[in-house]
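Step one of this worksheet: look at the structure below.
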């Protein structure tokens with residue numbers, strides 16, 4: 001094990017080097033570029049024995065990875081924002097074919113207006129694409145997820161691709177000290193990929209075929225149950241990871257001081273750290289606050305969310321996206337989890353960080369205050385015309 | 001009586017029991033190419049006629065390893081398959097793509113260009129039936145001037161498609177590709193020879209084969225091969241190769257057969273008037289002047 | 001070797017694969033119902049030149065004992081073989097239902 005001062009992108013690249021993919025196909029897009037630059041350097045210096053394919057688009061990047069996976073190879077790609085949307089067709093293709101590809105997505109705003117900074121509208125728009133979606137909080141978790149994601153994706157019970165999301169710039173470009181495992185440890189943790197879902201010269205296959213109405217729904221059902229099986233596999237994978245690397249992760253979500261919390265803020269990604277700091281400050285003033293960081297948006301931690309929020313008096317969801325005409329998608333998902341569990345407490349949605357807008361500790365404090373006192377159902381940070389930021393999301397900027 | 005071409009081919013059938021229309025030229029091209037390439041061919045077919053008719057679970061009509069790609073992704077999936085199999089230690093295989101005219105010249109041209117630029121070790125075969133036949137005969141970038149399609153209707157104002165075919169053969173060649181060729185299912189021996197030649201060349205190979213669609217062209221199912229021969233004989237298509245930076249013409253009709261006769265046999269050209277036909281003949285003659293000047297003849 | 005008709009035609013939940021990969025060349029239906037006319041080989045005339053075999057889009061013609069033989073399960077009756085045969089050894093006849 002060694003320690004290095006690395007950005008999120010660089011840490012992720014280190015994790016990918018340890019996972020030893022056979023094929024890497026990627027197209028550059030800010031803020032993903034550092035990860036593919038580091039990987040190409042590793043291929044150049046011989047420390048990574050992958051075929052690095054310089055594809056002509058993100059659509060080709062994932063199409064190529066699907067081809068490699070269909071050959072039985074371990075395939076990796078990375079993208080962001082417009083690139084993720086450009087390859088969207090292939091997202092569904094990879095998951096429908098049950099090809100366990102791993103992708104890093106640097107979460108970034110989507111045009112228009114153009115903007116290269118971080119929000120999560122890109123990946124959250126693809127929740128229905130059939131990929132496991134996990135959101136890292138820091139560079140160490142990014143590296144560790146680069147390793148764990150393969151083991152989860154390639155597990156026979158799952159056979160589903162994984163998208164690891166890193167907040168653009170805030171995480172991809174921010175440096176911290178990261179522990180880098182030894183290759184021998186990584187090899188022990190992650191066995192080579194073995195599959196029947198591949199080209200086979202001894203027993204030829206027809207792959208990625210059509211299926212009519214008589215069987216199509218069965219394929220979809222099996223993809224669904226494969227994704228659900230990931231819940232158990234994530235837990236097993238994290239246990240195995242802790243045994244080898246000594247770091248224990250918390251499953252589909254990460255709860256902080258929620259046991260006795262009266263107001264809980266649910267969020268995801270790198271903003272969770274600041275939310276925890278604010279929670280500590282509030283706790284010091286006797287306010288029983290807590291934070292839930294969703295790690296896996298798919299499969300969605302319905303039961304875990306219900307368990308974390310069941311004793312709270314109110315909750316909020318802070319997220320970097322908006323489904324225009326409704327509310328934040330994470331909020332919708334959290335509400336559904338509570339509804340299914342029969343938990344009926346007031347919930348408020350806070351849309352922040354769009355296009356890289358900073359979310360301050362002060363704003364998070366205000367969010368907690370709003371959860372405590374009651375707010376609009378949907379609130380846009382930075383837009384304070386309360387009348388116009390209600391359920392219609394029809395806000396007006398005062399800035 | 002031995003047939004030297006047949007003797008060279010595998011007796012196995014790799015594309016069989018498919019639901020292509022009777023007399024489908026595309027299915028003939030796929031069948032013939034796979035009989036050249038044999039059991040270790042890995043075929044990639046994008047969304048389109050050939051995948052629609054060959055891969056309906058549980059009716060799976062390829063006996064070799066075969067996969068459907070996205071419409072735009074024939075070449076990029078070939079790239080991934082070739083790299084993936086190589087990474088897994090395989091060397092005795094041929095990654096071959098069969099994409100239609102739209103899948104090649106329109107939606108798939110980006111991925112094809114990328115694969116050629118990387119010189120990936122693949123064979124890409126464009127089976128050109130000159131329109132989006134699978135979706136019901138809409139104009140593609142390879143629909144010829146004058147052809148009626150469902151999106152280039154022939155009326156009194158506009159006589160079908162107004163633009164000529166893209167020159168995919170020379171677009172491929174312009175990349176400096178190791179091998180490119182044109183062919184027609186009407187000259188199956190020539191096509192087979194070219195697939196065979198391509199299979200022995202390292203790097204990217206592009207073969208553009210005219211493969212008539214009886215449904216879309218408005219001909220009888222038994223006329224596919226004849227019309228595919230006639231398009232070459234009348235000079236509206238040509239059999240050529242590009243190799244080592246040079247163009248070679250493989251077949252030079254002594255006298256062109258009648259363009260008008262070729263056109264008038266097909267429902268899609270029935271509406272053309274004399275001026276339209278003159279335009280087509282003039283563009284043929286211009287093309288052949290270019291070929292005479294720039295292509296060697298062997 | 002070629003794709004061939006299999007016993008199992010229907011697929012229940014458990015039979016449907018987990019992914020979209022399955023045995024190559026698995027056929028469950030024939031194409032004979034497509035024909036309105038069928039090619040008939042005049043074995044007296046057929047010289048086994050294999051032009052029909054080369055040009056058949058469906059690959060249903062094979063040469064056995066020097067003569068063309070048609071797999072009527074998968075022949076669609078397109079008639080290309082009859083046109084290709086320059087010695088007139090293949091005739092197209094109406095299907096009698």
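The values are calculated or read from the model by the stated rules, or taken from the named source; none is laboratory data. Fair warning: this is a prediction, and the values are worked out from it, not measured in the lab. Cβ coordinates were reconstructed from backbone atoms using ideal geometry, including for glycine residues, and neighbour counts include every protein chain displayed.
Examine segment B:31-44 for a residue that is more than 9 Å from chain C (Cβ to nearest Cβ) and assigned to a loop (DSSP other than H, G, I, E, B), and state whether such a residue exists.
Yes, segment B:31-44 contains a residue that is more than 9 Å from chain C (Cβ to nearest Cβ) and assigned to a loop (DSSP other than H, G, I, E, B).
Do we have residue C:78 as closer than 15 Å to residue C:37 by Cα, at the interface with chain B (Cβ under 8 Å from one of its Cβ atoms) and without any contact (Cβ under 8 Å) to a residue 40 or more places away in the chain here?
When the stated conditions are applied, residue C:78 passes them.
Among the listed residues B:27, B:51, identify the single one that is crowded, with 24+ Cβ neighbours inside 10 Å and at the interface with chain C (Cβ under 7 Å from one of its Cβ atoms).
B:27
Provide a single number: the residues in segment C:25-51 that are within 19 Å of residue C:69 (Cα to Cα) and either in a strand (DSSP E or B) or more than 10 Å from chain B (Cβ to nearest Cβ) (or both).
11
Restricting to segment B:222-248, count the residues that are buried (at least 19 other Cβ atoms within 10 Å of the Cβ) and farther than 22 Å from residue B:287 by Cα.
Of the residues in that region, 4 qualify.
Residues checked against (1) under 16 Å from residue B:248 (Cα atoms); (2) in contact with a helix residue (DSSP H, G or I) (Cβ under 6 Å, 6 or more places away or on another chain); (3) away from every other protein chain (no Cβ under 14 Å); (4) in contact (Cβ under 8 Å) with a residue 40 or more places away in the chain:
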position: B:162; (1), (2), (3), (4): no, no, yes, no
position: B:169; (1), (2), (3), (4): yes, no, yes, yes
position: B:173; (1), (2), (3), (4): yes, no, yes, yes
position: B:176; (1), (2), (3), (4): yes, no, yes, yes
position: B:179; (1), (2), (3), (4): yes, yes, yes, yes
position: B:186; (1), (2), (3), (4): no, yes, no, yes
position: B:189; (1), (2), (3), (4): no, yes, no, yes
position: B:198; (1), (2), (3), (4): yes, no, yes, yes
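Given the criteria assigned to a loop (DSSP other than H, G, I, E, B), modelled with pLDDT of 95 or more and either within 14 Å of chain C (Cβ to nearest Cβ) or more than 20 Å from residue B:285 (Cα to Cα) (or both), does residue B:152 qualify?
For residue B:152, the condition - assigned to a loop (DSSP other than H, G, I, E, B), modelled with pLDDT of 95 or more and either within 14 Å of chain C (Cβ to nearest Cβ) or more than 20 Å from residue B:285 (Cα to Cα) (or both) - is met.
Rundown of residues vs (1) surrounded by fewer than 20 Cβ atoms within 10 Å (Cβ to Cβ); (2) more than 16 Å from the chain's Cα centre (by Cα); (3) within 14 Å of another protein chain (Cβ to nearest Cβ); (4) touching a residue at least 24 places away in the same chain (Cβ under 8 Å), yes/no style:
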site: B:134; (1), (2), (3), (4): no, no, yes, yes
site: B:142; (1), (2), (3), (4): no, no, no, yes
site: B:147; (1), (2), (3), (4): no, yes, no, yes
site: B:159; (1), (2), (3), (4): no, yes, no, yes
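Does segment B:83-100 contain at least one residue that is under 14 Å from the mean Cα position of the chain (by Cα) and without any contact (Cβ under 8 Å) to a residue 60 or more places away in the chain? Working first, answer last.
Within segment B:83-100, the subset under 14 Å from the mean Cα position of the chain (by Cα) is B:96-100.
Narrowing the set further to residues that are without any contact (Cβ under 8 Å) to a residue 60 or more places away in the chain leaves B:97, B:99.
Yes, segment B:83-100 contains at least one residue that is under 14 Å from the mean Cα position of the chain (by Cα) and without any contact (Cβ under 8 Å) to a residue 60 or more places away in the chain.
Can you go through C:11, C:22 and tell me which one is within 8 Å of chain B (Cβ to nearest Cβ) and either touching a residue at least 60 places away in the same chain (Cβ under 8 Å) or in a strand (DSSP E or B) (or both)?
Answer to the check: C:22.
Of all residues in segment B:200-216, which are surrounded by 18 or more Cβ atoms within 10 Å (Cβ to Cβ), out of contact with any strand residue (DSSP E or B) (no Cβ under 6 Å at 6 or more places or on another chain) and more than 14 Å from every other protein chain (Cβ to nearest Cβ)?
Matches in segment B:200-216: B:216 only.
It is to be established whether one or more residues within segment C:68-86 are under 18 Å from the mean Cα position of the chain (by Cα), over 30 Å from residue B:58 (Cα atoms) and surrounded by fewer than 17 Cβ atoms within 10 Å (Cβ to Cβ).
No, segment C:68-86 contains no residue that is under 18 Å from the mean Cα position of the chain (by Cα), over 30 Å from residue B:58 (Cα atoms) and surrounded by fewer than 17 Cβ atoms within 10 Å (Cβ to Cβ).
Pick from A:25, A:69: which is within 14 Å of another protein chain (Cβ to nearest Cβ), in contact (Cβ under 8 Å) with a residue 12 or more places away in the chain, part of a helix (DSSP H, G or I) and touching a strand residue (DSSP E or B) at 6+ places or on another chain (Cβ under 8 Å)?
Selected residue: A:69, the only one of A:25, A:69 that is within 14 Å of another protein chain (Cβ to nearest Cβ), in contact (Cβ under 8 Å) with a residue 12 or more places away in the chain, part of a helix (DSSP H, G or I) and touching a strand residue (DSSP E or B) at 6+ places or on another chain (Cβ under 8 Å).
When you scan segment B:73-131, how many residues do you find that are assigned to a helix (DSSP H, G or I) and crowded, with 24+ Cβ neighbours inside 10 Å? Can you show your working first?
From segment B:73-131, those assigned to a helix (DSSP H, G or I) are B:74-87, B:101-106, B:109-118; that's our starting set.
Pick out the ones that are also crowded, with 24+ Cβ neighbours inside 10 Å and you get B:74-85, B:101-104, B:111-112, B:115-116.
So the count comes out to 20.
Between residues in segment A:44-64 that are over 17 Å from residue A:161 (Cα atoms) and residues that are at pLDDT below 95 and surrounded by fewer than 24 Cβ atoms within 10 Å (Cβ to Cβ), which pairs lie under 6 Å by C-beta distance while being six or more apart or on different chains?
none
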